[in-house]
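Shown next, in structure tokens, is the structure this report addresses.
Laboratory data are not the source of any read-out in this text; all were calculated from the coordinates shown. In this text, all values refer to a predicted model and were calculated from it rather than measured experimentally. All Cβ positions, glycine included, derive from the backbone under ideal geometry; neighbour counts span all protein chains shown.
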Amino acid sequence: MDTKIAVIGCGNLGLSIVEGLIKNNVGKNVIATRRNTDGIEHLGNSGVTVTTDNVFAIKNSKVILFALKPYRILSVIDELKPHFTSEHIIVSLATGISLDELKSHVGPTIKIFRAMPNVAASVGQSATCISKNSSDKVGLMEVEKTFQLIGETILINEELMESAVVLGACGTAFALRFIRAMVQAGVQIGFSSKTATQIANQTVKGAAEILIATGNHPEAEIDKVTTPKGITITGLNEMEHQGFSAALIRGMITAYNKIEDSK
Ligand SMILES: NC(=O)c1ccc[n+]([C@@H]2O[C@H](COP(=O)([O-])OP(=O)(O)OC[C@H]3O[C@@H](n4cnc5c(N)ncnc54)[C@H](OP(=O)(O)O)[C@@H]3O)[C@@H](O)[C@H]2O)c1
């Protein structure tokens with residue numbers, strides 16, 4: 001892919017995206033910006049142009065990812081607006097800023113999308129939800145192509161963007177906490193932390209791979225490994241008695257309500 005990509009605000013998420021793009025050998029097509037570039041200068045070794053100059057980044061790229069904090073994105077867009085052209089494809093990664101609001105700042109002729117990737121972008125495994133408010137198929141294809149370099153893309157209606165934050169972006173932390181608990185249990189039943197982590201990581205990856213390969217519902221796969229009166233069902237039922245699924249669902253709904261409350 002030869003499209004030039006700018007990442008404006010290369011912090012946690014922006015850096016994960018750039019790292020994923022580098023792994024896909026397109027580092028030379030990327031311009032990464034932030035005001036203090038000390039923490040991202042090393043990206044230059046992989047062909048990325050690192051700069052504090054947002055205007056330079058915009059003038060020299062087509063797809064522009066705004067990875068800024070939500071409270072900052074609109075003022076930075078306002079500053080850069082005179083440099084946008086109808087060739088640009090602007091993508092906001094900010095939580096909670098609607099396409100209508102973004103559109104009122106970028107102007108009516110500029111293509112604008114929202115995307116919600118996650119930090120697994122750094123290893124090419126992001127689940128990136130994308131939403132649009134126009135019928136511009138070419139622009140959408142370009143956005144999808146960009147995010148497919150760092151994982152999978154899912155097109156969603158904008159009203160589900162906050163849900164995408166919880167399921168996809170926060171979901172990384174929820175899955176990591178699940179793995180941490182597995183490791184803690186693994187240590188209690190005899191493994192070193194290192195070995196328990198290796199086994200848990202690969203087991204969780206394998207479980208996800210089964211679902212991806214088969215498209216099956218998780219419970220259909222669980223049925224295959226639960227012998228009647230067996231060990232697995234005994235463990236699973238005890239987890240449910242202790243509120244495992246309820247805790248996860250309630251945690252996710254609380255996270256969702258937190259986004260809604262802060263609007
Ligand atoms: N973390 C996630 O998993 C995740 C997932 C999906 C979406 N998001 C969204 O992604 C956005 C960024 O989150 P984050 O966690 O990556 O935040 P972050 O680490 O604070 O990154 C934002 C970066 O923007 C830079 N910045 C601030 N003003 C700038 C300007 N005028 N020009 C260029 N760069 C500027 C900051 O660096 P300097 O101070 O050096 O400029 C900072 O490193 C948020 O809107 C969040 O809602 C995050």
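Treat each spin label as a single point 7 Å out from the Cα along the C-beta direction, and report the Phe174 to Val225 distance in nm.
With each label point 7 Å from Cα toward Cβ, the separation is 2.0 nm.
So, in Å, what gap is there between the alpha-carbon centers of segment 96-138 and segment 216-251?
36
Express as a percent, rounded to the nearest 5, the fraction of DSSP beta bridges in segment 5-156 (both residues included) that run antiparallel. Walk me through the numbers before you get to the answer.
Values: 4 of 28 bridges.
Counting only bridges with both partners in segment 5-156, antiparallel ones make up about 15 percent.
Ratio of segment 164-261's C-alpha Rg to 2.2 N^0.38 Å, to two decimals? Intermediate values should be presented prior to the final figure.
On the way: Rg = 15.1 Å, N = 98, 2.2 N^0.38 = 12.6 Å.
Normalised Cα radius of gyration, segment 164-261: 1.21.
By what distance, in whole Å, do the Cα atoms of the chain stretch along each of the three principal axes, largest value first?
68, 39, 32
How are the Cα pair distances of segment 96-219 distributed, in percent, across 10 Å bins from 0?
Going from the shortest bin to the longest, the percentages are 12, 32, 30, 15, 8, 2, 0.
If each of Leu211 and Ala246 carries a label point 7 Å out from its Cα toward its Cβ, how far apart are those two points in nm?
Spacing of the two 7 Å Cα→Cβ label points: 2.2 nm.
So how far apart, in nm, are the two label points at Asp78 and Asp2 if each is 7 Å from Cα heading toward Cβ?
About 3.9 nm separates the two model spin labels.
Before rounding to the nearest 500, sum -39500 (n - 2.57) across all DSSP H runs of length at least 4 in the chain and divide by the residue total; then give [θ] at 222 nm in deg cm²/dmol.
Details: 11 runs with 131 residues, N = 263.
Result for the chain, helices only: -15500 deg cm²/dmol.
Principal axes first, then extents: for the Cα atoms of segment 1-52, list largest minus smallest coordinate on each axis, whole Å, largest first.
Principal extents (Cα only, largest first): 28, 17, 17 Å.
Assuming 0.36 nm per residue, please report the length gained on full extension of the stretch Ser104 to Tyr71 beyond their Cα-Cα distance.
Details: separation 33, 0.36 × 33 = 11.88 nm, distance 1.59 nm.
This chain segment gains 10.3 nm when fully extended.
What is the extension gain from Ala181 to Asn12, computed as 0.36 nm multiplied by their sequence separation minus the C-alpha to C-alpha distance, in nm to one decimal? Mind dumping the intermediate values first?
Details: separation 169, 0.36 × 169 = 60.84 nm, distance 2.46 nm.
Stretched fully, the Ala181-Asn12 segment lengthens by 58.4 nm.
Among the aspartates and glutamates, select those whose C-alpha is under 15 Å from the C-alpha of Lys59, and discard any that sit fewer than 8 residues away in the same chain.
Glu79, Glu87
Starting from the Cα-Cα distance between Ile253 and Ser163, subtract it from 0.36 nm times their residue separation and give me the gain in nm to one decimal. Can you show the working numbers first?
Working: separation 90, 0.36 × 90 = 32.40 nm, distance 0.92 nm.
Full extension from Ile253 to Ser163 adds 31.5 nm.
Which ³J(HN,Hα) values, rounded to whole Hz and listed in residue order, are derived for segment 117-134 from phi using the Karplus coefficients 6.51, -1.76 and 1.60 in 6.51 cos²θ - 1.76 cosθ + 1.60 with θ = phi - 60°, glycine and proline given as x?
Per-residue couplings from phi come out as x, 9, 5, 5, 3, 4, 10, x, 10, 5, 9, 9, 8, 10, 10, 9, 10, 9 Hz.
I'd like the distance separating the alpha-carbon centroids of segment 24-74 and segment 154-195, in whole Å.
28
In this model, which of Lys69/Lys132; Lys23/Lys132; Lys23/Lys205; Lys69/Lys258 are farther than 23 Å apart at the alpha-carbon?
Where the Cα-Cα span goes over 23 Å, the pairs concerned are Lys23/Lys132.
What's the FRET efficiency of Ser262 with Met239 using the Cβ-Cβ distance as r and R₀ = 51 Å, to the nearest 0.05?
On the way: r = 32 Å, r/R0 = 0.63.
In this case the efficiency is close to 0.95.
Can you give the FRET efficiency for Asn36 and Asn60, using 1/(1 + (r/R0)^6), R0 = 25 Å, r = Cβ-Cβ distance, to the nearest 0.05?
For Asn36 and Asn60, the calculated efficiency is 0.75.
What helices does the chain hold that run 20 Å or longer along their axis, going by alpha-carbon atoms, with a Kyte-Doolittle average of -1.0 or more, using DSSP H for the helix calls? Present the calculation step by step, with values, prior to reporting the outcome.
Values: long enough: 170-188 (28 Å, 0.86); 193-214 (31 Å, 0.21); 244-261 (25 Å, 0.29).
Those that pass (Cα extent of 20 Å or more, hydropathy at least -1.0) are 170-188, 193-214, 244-261.
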